[in-house]
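S.K.: This is the structure I want to talk about, given as structure tokens.
What follows is calculated from the coordinates using simple rules that are stated; it is not laboratory data. All figures in this text were calculated on a predicted structure; none of them were measured in a lab. Positions of Cβ are generated from backbone atoms using ideal geometry, with glycine treated the same way; all protein chains shown enter the neighbour counts.
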Amino acid sequence: MAFDYDVIIIGSGPGGYATALRTSDLGLKTAVIEMKDVVGGTCLNRGCIPTKAYLTAAHTLHDAHRANNWGIDISVNSVDMSALKQAKDKTVSGVVKGLSQLMKARKIDIIHGQGSLIAPHRVSVCDGEDSREFSANHVVLATGSYATELEGFEFLHADAQTVREAIADKKVPILSSDEALDIDIMPENVVIVGSGTIAVEFANFWNSLGVNVTILLRKDTVLSRWDSHISSVVMRTLKRQGINFEFHSKILSAESGDVTFSVTSEKDGAVVQKTIPADFVLCAIGRSPRTDFDWYKNAGIKLDAHGFVVTDDYGRTSLDNVWALGDITGGHLLAHEAFEQALTVSESIAGIPTRIVDTHTIPEVVFGIIDAVSIGYTKNQAEALDYIEVEETVVPQLSNPRVAMMGSNGTTVIVSAVDPHTNTRIVIGIHMAGPSASELAGAAREIIQNRIPLHDAANALFAHPTISETLGESLLKADGRPLNL
Ligand code: FAD
């Protein structure tokens with residue numbers, strides 16, 4: 001049977017576009033369906049890239065404030081939020097343009113409109129009144145995710161002008177990260193509900209601009225599932241930067257320029273109510289898979305209880321020749337996880353040998369004035385899983401000269417255990433908080449994923465003086481051979 005395409009991909013985010021780039025390189029005729037005007041999905045347009053553009057500005061401000069330490073007389077007089085947003089938008093459009101050119105150069109067809117899987121090998125695309133159908137041997141679903149709404153607090157999904165008016169009218173709108181990235185006003189007071197990556201990254205950004213930031217969180221720390229040494233370094237740093245925390249709290253209302261919330265005492269369960277001023281609330285409590293289109297159900301694609309697509313290790317769904325990857329498949333909901341899945345799915349479709357995605361070693365990364373990275377198991381998790389002779393080495397980054405020059409701090413945690421197959425000690429977890437820690441995530445992941453013996457990993461050479469030595473020194477310490485510690 002002749003098909004219009006070998007592969008049709010629904011969604012052009014990291015999962016979709018990376019699959020298209022690889023399948024086209026493998027000689028497969030590929031089309032990508034995208035319902036927005038631009039390619040790149042959440043990551044390029046409303047996620048990774050714009051937030052990191054803003055955090056680049058935050059770093060610049062941070063450095064400017066510390067310039068006096070080096071005898072440099074700089075004062076930051078003002079921040080023009082409208083110009084800052086324009087610079088962010090320019091960064092985004094540059095990256096999106098680059099991607100469009102890559103796709104064009106590989107002769108990938110980009111079809112704009114809402115895609116639906118309507119029958120085996122058949123996809124329809126609706127663009128307003130216009131509806132077209134295409135056939136493909138393989139269909140890849142990469143429809144992504146959206147911000148989860150807090151019950152009783154509806155998002156104001158609106159353009160920047162409408163959001164600005166709601167703020168001016170003291171309506172204290174509830175924003176998702178999409179709207180928060182779209183507004184160009186300098187707020188005075190922001191309340192963030194949530195304690196994960198997105199909450200921490202936005203807190204870093206607004207705090208660097210001098211905005212009064214309060215984080216409302218259910219638990220007593222941000223990144224509560226993380227290694228506790230790392231989450232406490234992140235907490236300490238955020239507090240030192242001046243970010244306010246209300247632990248064990250629950251938002252009750254957002255109106256008339258204020259947010260009211262309850263705080264439950266951990267000691268005796270007593271509940272008090274507090275009210276603080278707020279221009280708006282950023283609700284960052286998680287993300288939900290965009291699998292709520294009727295066609296997912298009608299086509300019979302198997303979803304789990306949370307709406308994530310169930311796949312095998314190679315990305316196959318419950319339907320023949322239908323594949324899924326990226327945020328809709330759960331896991332860490334990160335772009336680099338989607339990239340890795342894209343290689344596996346594309347190569348499986350092409351019928352060439354490939355490796356399965358090792359979800360367990362996907363680095364979780366939080367960016368900020370200091371970054372935080374978590375890969376593999378924490379000590380508690382490893383012990384619960386009956387790993388043998390679990391050891392944890394906690395190394396504060398006090399003696400690294402580059403960290404000291406930056407006036408920064410950090411901690412590295414190495415978790416190791418004895419591999420019963422080889423009877424050697426291997427690294428099963430690396431957790432880091434510190435300046436530019438995100439740059440070390442790839443090296444750390446290779447050590448864990450390849451089950452490199454701790455002794456060999458510790459022999460790796462890192463240039464001196466670099467921040468990367470924090471990882472090298474920590475591995476040496478875990479191997480009982482500390483050098484500069
Ligand atoms: P998406 O990027 O969401 O793309 C899905 C695409 O499919 C969208 O373009 C959508 O319009 C389209 N689509 C959906 N349904 C249809 C349909 N029926 N027809 C046609 N098109 C459709 N990850 C990182 O690794 N690093 C970071 O620093 C990072 N920062 C982030 C910051 C924020 C604020 C957010 C929200 C996320 C961040 N992420 C980060 C996560 C990252 O953005 C996602 O993991 C990644 O975008 C997932 O890729 P995806 O292809 O699965 O989905």
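S.K.: What share of Cα pairs, in percent, lie more than 14 angstrom apart in region 1-54?
M.R.: Result: 56 percent of Cα pairs exceed 14 Å.
S.K.: Determine ³J(HN,Hα), in whole Hz, for all residues of region 141-149 in sequence, where each value follows from phi through the Karplus function 6.51 cos²θ - 1.76 cosθ + 1.60 and θ = phi - 60°; x replaces Gly and Pro.
M.R.: Taking θ as phi minus 60°, the curve returns 9, 8, 8, x, 8, 9, 5, 7, 7 Hz for region 141-149.
S.K.: Same structure, new question: Suppose we keep just the DSSP beta bridges with both residues in the chain; what percent of those would be antiparallel, to 5?
M.R.: Numbers: 56 of 86 bridges.
If I count the DSSP bridges inside the chain, around 65 percent turn out antiparallel.
S.K.: Only bridges whose two residues both fall in region 160-285 count here: according to DSSP, what percent of them are antiparallel, nearest 5? Write down the numbers at each step before the final one.
M.R.: Values: 13 of 27 bridges.
If I count the DSSP bridges inside region 160-285, around 50 percent turn out antiparallel.
S.K.: If you take the square roots of the eigenvalues of the alpha-carbon gyration tensor of region 209-255 and sort them as a ≥ b ≥ c, do you get rounded (a/c under 1.5), prolate (a/b over b/c) or oblate?
M.R.: Details: a/c = 3.21, a/b = 1.27, b/c = 2.52.
In terms of gyration-tensor shape, oblate.
S.K.: Which far-off residues, 5 or more places away or on another chain, put their amide H under 5 Å from the one on ARG287, with H placed in the peptide plane?
M.R.: THR148
S.K.: Something else now. Sorted by average packing, counted as other Cβ atoms within 10 angstrom per residue and highest first, what order do 433-445, 467-479 take?
M.R.: 467-479, 433-445
S.K.: Let me ask you something else. Gain in length, GLN86 to ASP159, computed as 0.36 nm per residue apart minus the alpha-carbon separation, to one decimal in nm? Spell out each step's value before the answer.
M.R.: Details: separation 73, 0.36 × 73 = 26.28 nm, distance 1.56 nm.
The GLN86-ASP159 span can extend by a further 24.7 nm.
S.K.: Sticking with this structure for a sec: When only Cα pairs under 8 Å and 6 or more residues apart are kept, what is the percent relative contact order across region 13-57?
M.R.: Relative contact order of region 13-57: 40 percent.
S.K.: Using modelled backbone amide H atoms (1.01 Å from N, in-plane), which distant-in-sequence or interchain residues come within less than 5 Å of PHE245's amide H?
M.R.: Distant-sequence amide H within range of PHE245: ILE215.
S.K.: Could you run the Karplus curve 6.51 cos²θ - 1.76 cosθ + 1.60 with θ = phi - 60° over region 419-434 and give me ³J(HN,Hα) per residue in whole Hz, x for Gly and Pro?
M.R.: 6, x, 6, 10, 6, 10, 7, 10, 8, 10, x, 10, 10, 9, 10, x
S.K.: Could I get the Rg over Rh figure for region 370-479? Both from C-alpha atoms, Rh via Kirkwood, rounded to two places.
M.R.: Result: Rg/Rh = 0.97.
S.K.: With θ set to phi - 60° and the Karplus curve 6.51 cos²θ - 1.76 cosθ + 1.60, what are the ³J(HN,Hα) couplings of region 109-121 in order, to the nearest whole Hz, using x for Gly and Pro?
M.R.: Karplus-based 3J(HN,Hα) across region 109-121 equals 7, 9, 10, 8, x, 8, x, 9, 8, 9, 6, x, 6 Hz.
S.K.: Can you pull the three principal axis extents for the Cα set of region 160-285, in Å, largest first?
M.R.: For region 160-285, the Cα extents along the three principal axes come out at 42, 29, 22 Å.
S.K.: Highest mean first, how do 416-424, 336-344, 258-266, 243-251 rank when packing is the count of other Cβ atoms within 10 Å averaged over residues?
M.R.: The densest-packed peptide leads the list: 336-344, 243-251, 258-266, 416-424.
S.K.: Ranked highest first by average number of other Cβ atoms within 10 Å, how do 353-360, 215-222 line up?
M.R.: 215-222, 353-360
S.K.: Taking 2.2 N^0.38 Å as the expected size of a compact globular protein, what ratio does the Cα radius of gyration of the chain give against it, to two decimals?
M.R.: On the way: Rg = 23.8 Å, N = 485, 2.2 N^0.38 = 23.1 Å.
For the chain, the normalised Cα radius of gyration comes out at 1.03.
S.K.: Next up: Which far-off residues, 5 or more places away or on another chain, put their amide H under 5 Å from the one on GLY410, with H placed in the peptide plane?
M.R.: Residues meeting the amide H criterion: GLN397.
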